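As structure tokens, the structure follows; a few thoughts come after it.
Each reported figure results from applying straightforward, stated rules to the coordinates on display, with no laboratory input. Because the structure is predicted, anything quoted here is derived from the model rather than measured. Quick reminder, even Gly has a Cβ in these numbers, built from the backbone with ideal geometry, and neighbours come from all protein chains shown.
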Amino acid sequence: MTQSEPKAYYLKTFGCQMNVYDSERMAEALARQGYRETTELDRADLVILNTCHIREKAAEKVYSDLGRIRDVKIARAKDGRETVVAVAGCVAQAEGEEITTRQPAVDLVIGPQSYHRLPELIARTTTARTHIVETEFPGEEKFARMKAPRRVSSPSAFLTVQEGCDKFCTFCVVPYTRGAEFSRPVAKIDAEARELVEAGAREIVLLGQNVNAYHGEDLRGRSASLADLIARLARIAGLERIRYMTSHPRDMSDDLIAAHADIPQLMPFLHLPVQSGSDRILAKMNRKHTAAEYIDLVARIRKARPDIALSSDFIVGFPGETDQDAEDTIDLIEAVGFAQAFSFKYSPRPGTPAAGHDGQVDDAVKSERLLRLQAVLEAQQLAFNAQSLGGVLPVLFERKGREPGEFVGRTPYLQLIRVAADGELVGTTADVVVNDARRVSLSGVIAEA
Ligand code: 5AD
Ligand code: SF4
């Protein structure tokens, strides 16, 4: 009997950690179907793009990739090799059928709530000889149907605990692409976390578009908060670190703040997007909080955990933003002090309210404001890292570095740190003396015992 070559898939992930998590789950499901991964497009029998719709640039990148993929598909067809092209993720959810019109080489369009049907749909595309578009919100739990065992590629693993968003910020596509808020039950998350730890994870990052709105069912059928969930996961032996993202200021409850003081495994880092420091703009964004409320919230969090590192997202050039509004954002940044941050030019997204607002801001003005904002944020990031210089921090090593004998890990504050050492450090935690601090990373040496 001749064994046929196993089928190969090529999987490219765009966007946020939720997509990274979904891609890992798809990869696990495909492995179960006998597929192996390839990084060479022309060897792939199945190509999946797991896409992001959050800003126009991310979405457009998908179409330029699809153009290249079509060429490869045509070339492979000449050799008698079939290629199934699938578009997953938020562009799939938002654009559906339109994708196959714009790029007919696409065989399958599959939204984030339908991934448990991936193997079946792939099989159908090869017999259907027509496009399949699957972007329903079936309302059932996709997670439960994705039964393949968890693998870990890094000691830091992602675990999605919540999906969707009910906040409807006026700039954001997430409530449309990911749907209404849904929280996974505690028992399911606990079981998955244990599997991950068994497979070698030492840190788990709990993911959700609005993760601190988590309210999953606990073991007694009551509603558990994110703080309850974290307290439970902290009981898992071998799980050294717990993180969560992304949080909304309005859902930063007292028990979650207290968890930062009480649960040693919960790392002193918080990604808490504020978007703008102008109350006028915050109201137009439908953020449901003011600049002063955010600053007060930060003070309460710092009271519980004084050394906590704060991170945020910012949007510049939201419709109607004036120079004064942009200055208000700089003032907020100076009042808070961030360890790191992401900042973006406002990108009008089809179907969102802000795309139709008056006062769209000129791109040149957006660029100018972004540069100014980033200069302030970058100076804060450098200052934050400089505080670590000369100190000793516990580092969880996640991977080997580029240099021989170099390992890369993270401090509790999520700072990237490079350490040269003998032996194998990946998956271990060790105290490191910080001897160099740059804006994006630290360097250090293992502390003498
Ligand atoms: N334009 C620019 N940035 C956006 N974000 C979300 N939607 C948009 C948009 N239309 C940013 C927000 C959010 C992050 C994930 O992406 O800052 O927190
Ligand atoms: Fe989008 Fe976050 Fe606002 Fe939800 S809370 S609409 S995910 S920016």
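Those residues that are within 16 Å of ligand 2 (Cβ to nearest atom) and small (Gly, Ala, Ser), I need them from the range 261-276; list them, please.
Of everything in the range 261-276, just one residue is within 16 Å of ligand 2 (Cβ to nearest atom) and small (Gly, Ala, Ser), namely SER276.
Just to be sure, is GLU60 free of Cβ contacts under 8 Å to residues at least 12 places away in the same chain and within 16 Å of ligand 1 (Cβ to nearest atom)?
When the stated conditions are applied, GLU60 passes them.
Just need a number here: residues in the range 1-43 that are of a type in the set (D, E, K, R) and either assigned to a loop (DSSP other than H, G, I, E, B) or closer than 15 Å to ASP65 by Cβ (or both).
Result for the range 1-43: 5.
Is there any pair with a first residue in the range 434-449 that is over 17 Å from GLU378 (Cβ atoms) and a second that is of a type in the set (D, E, K, R) whose Cβ atoms are under 8 Å apart and which are 6 or more apart or on different chains, and what are they?
That search, which allows pairs on different chains as well, returns SER443/ARG418; SER443/ASP436; GLY444/ARG418; GLY444/ASP436; ILE446/ASP431; ALA447/ASP431.
Of the residues that make up the range 178-185, is at least one within 16 Å of ligand 2 (Cβ to nearest atom), part of a loop (DSSP other than H, G, I, E, B), of a type outside the set (A, V, I, L, M) and buried (at least 22 other Cβ atoms within 10 Å of the Cβ)?
yes
Residue-by-condition table, conditions (1) within 24 Å of the chain's Cα centre (by Cα); (2) within 14 Å of ligand 2 (Cβ to nearest atom); (3) over 24 Å from ASP166 (Cβ atoms); (4) free of Cβ contacts under 8 Å to residues at least 12 places away in the same chain:
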{"site": "ARG287", "(1), (2), (3), (4)": "yes, yes, no, no"}
{"site": "THR290", "(1), (2), (3), (4)": "no, no, no, yes"}
{"site": "GLU293", "(1), (2), (3), (4)": "no, no, no, no"}
{"site": "ALA304", "(1), (2), (3), (4)": "no, no, yes, no"}
{"site": "GLY317", "(1), (2), (3), (4)": "yes, no, yes, no"}
{"site": "ASP323", "(1), (2), (3), (4)": "no, no, yes, yes"}
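May I ask you to list the residues in the range 343-354 that are over 10 Å from ILE315 (Cβ atoms) and within 8 Å of ligand 1 (Cβ to nearest atom)?
PRO348, ARG349, THR352
Which residues, counting only those in the range 345-374, are outside any loop (DSSP other than H, G, I, E, B), within 16 Å of ligand 2 (Cβ to nearest atom) and among the small types (Gly, Ala, Ser)?
Result: ALA354, ALA355.
Restricting attention to the range 305-321, report how many residues are farther than 13 Å from SER247 by Cβ and surrounded by 16 or more Cβ atoms within 10 Å (Cβ to Cβ).
The qualifying residues number 10.
Being within 16 Å of ligand 1 (Cβ to nearest atom), more than 18 Å from SER156 (Cα to Cα) and not in a strand (DSSP E or B) is the filter here, so list the residues in the range 230-277 that pass it.
Those that are within 16 Å of ligand 1 (Cβ to nearest atom), more than 18 Å from SER156 (Cα to Cα) and not in a strand (DSSP E or B): SER247, HIS248, PRO249, ARG250, ASP251, MET252, LEU272, PRO273, VAL274, SER276, GLY277.
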